[in-house]
Structure formats: C-alpha cells, structure tokens
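Undergrad: Quick one: the structure is below, and I'll ask about it shortly.
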Amino acid sequence: MLVPFLIMLREGLEAALIVGIVAGYLSRSGRGDWMPAVWIGIFLAVALALFTGAGLQLASAEFPQRTQELFESGVGFVAVIILTSMVLWMRRAARSLKVELQGSIDAALSGSRGKGLALVGLVFFAVAREGLESVFFLLAIFQQSPGASGPLGALLGLFVSALLGYGIYIGGVRLDLGRFFRWTGVFILFVAAGLLAGALRHLHEAGLWNHLQTVAFDLSPVLPTDGLVGSVLSGLFGYMADPTIGELLAYVAYLVVTLPLFLKPATPRPAAGPSMLRRAGNVR
C-alpha cells in the first residue's frame, strides 16, 4: 500500500502543480474565462489513463500462462523505462517548468482561431503524460503485489496530492518541492530496480531468459518475503529473499547507473535571453 501511495502522491502532485501553474497564470493574466478548456483537458487525460489501464488489465486476464508472464515482464520493463525517464526529466525540468508552461499558454492563446482547442491540447498532453506513466507502473506493482491494498493506497495518494496541490495553489501550503522531488526520486529509483529484477524473473518463467539462474543467496529462513519486515522491504525496494545472480546484477547495475545521474548537481542553465526575461517578468 505504501509504494502505490507514495508514487501516486508524487505523480498526482506533479499533475496538480502543472494544472495550478496553468490556472494561476490564466487568472493573473486576465484570461480566467478559459478555465473550462483546462477542465476539459484534465477530464480527457484522466479518461484516457483509466481506459488504458482497464483495457490492459482486461486483455491480460485472457492470456494463457506463458503469455501472461510475457505480458507482466513487458509491463515491468516499460514501467522501469517510464519511471526512470520521469525522474530524470523532472530533475532537469523543475527549474524552468513554470516559464515554459506560461510560454506555451501564450502561444496557444495567441492564434486567431482554435485557441480553446490549443489550450485543451496543452493541458491534455501535460496531464495525460503523468496519467499514462502512473498506469504502467501501477500495473507492474499490482501484478507483483496483488490485493486491495495497492489500489487503495494509489487512490489515497492521488487524493492527498490533490489536496496538497490545491493548498499550494491558494498559498495555504508551503512545501519544499525541490527536497520532496529529490527524495521521492531516490525512492522511485529503488522501486524501479525492484521492478526490473521482477520483470527478469517473469521473463525466465516465460522461458525466454535462462541465464544466470543460480541463486545468489537465500534469506528465506531469516527474512521471508511473506513476513512483516520482508513484505515491507519487498513492497518498498523490491526485496527478494532468494534472488538469482541475474536478478541481483540487474538490480545493482540499475542503481549504479541511475543514482549518480539523478544525484549529481544540476548543470547551470545558460543565461536567459531577452524574450525569456520578459516572460519570467510576467510570473511576478
């Protein structure tokens, strides 16, 4: 329950911040009458994410065992790619996201025709990106940890993120977003490492990966995955009591590559040109 909660808290807060930036800029620039287009974009993005998730879940229920293992492995690999790109993208884009969104709004509303559709499309693609990311890695997590607690945690995380996003928008909540995204980013990378190892296991069970299958160690007698501590570690970090050498190598290699990329200091951005300075001046 904790992993879906934290992931949806982060994803939901990202989407809420994007919507808050758009809504706040429209209000401050005297274009608040365009807010219905924002809500239409949000509704369409949420509908796309829900239909995609439901479709994938229903399709997988009809698969035979080997195909089911292949499907779960594929979802796991896609989830790892999406999680990694999302974390690294947010690290790079966080500082310029507000200015870039506001510039996109100005461009969308500057045309003589199709202003509403352009704004709907802007919000739709921004929110749909977060929604589709959530669909894939929630599917991967639910497959590894079936039960009602996962969906309940995801819904709770989404609800809390909506409350936080609204509080930030009206100014009632002060949150160190840089620190929040940094620490949740580290957590998500550990989750992705566990999903990668789990996807490799599904690939083996489908009969397509039979290398490095020697068990590296077996902690089942002292720390089983069905115990309290083991289940928490499994849910949070993808802990396996008896990983194979291949799964352990995949887990460690992924973290060795991604953690330094994520934690290294951000490269200073080039000095803003006159057009960017004029746009940034509108933020105040």
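None of the figures in this text is laboratory data; all of them are computed from the coordinates on show. Bear in mind the structure is a predicted one, so any value in this text is a computation, not a measurement.
Undergrad: Tell me, in nm to one decimal, what length is gained between Val186 and Ser85 on full extension, where the rule is 0.36 nm per residue of separation less the Cα-Cα distance? Don't skip to the end; give the middle numbers.
TA: On the way: separation 101, 0.36 × 101 = 36.36 nm, distance 1.30 nm.
That works out to 35.1 nm of additional length.
Undergrad: Let me ask you something else. Given H placed 1.01 Å from N in the peptide plane, which residues other than close sequence neighbours of Thr244 have an amide H under 5 Å from its amide H?
TA: HN-HN under 5 Å from Thr244: Ala216.
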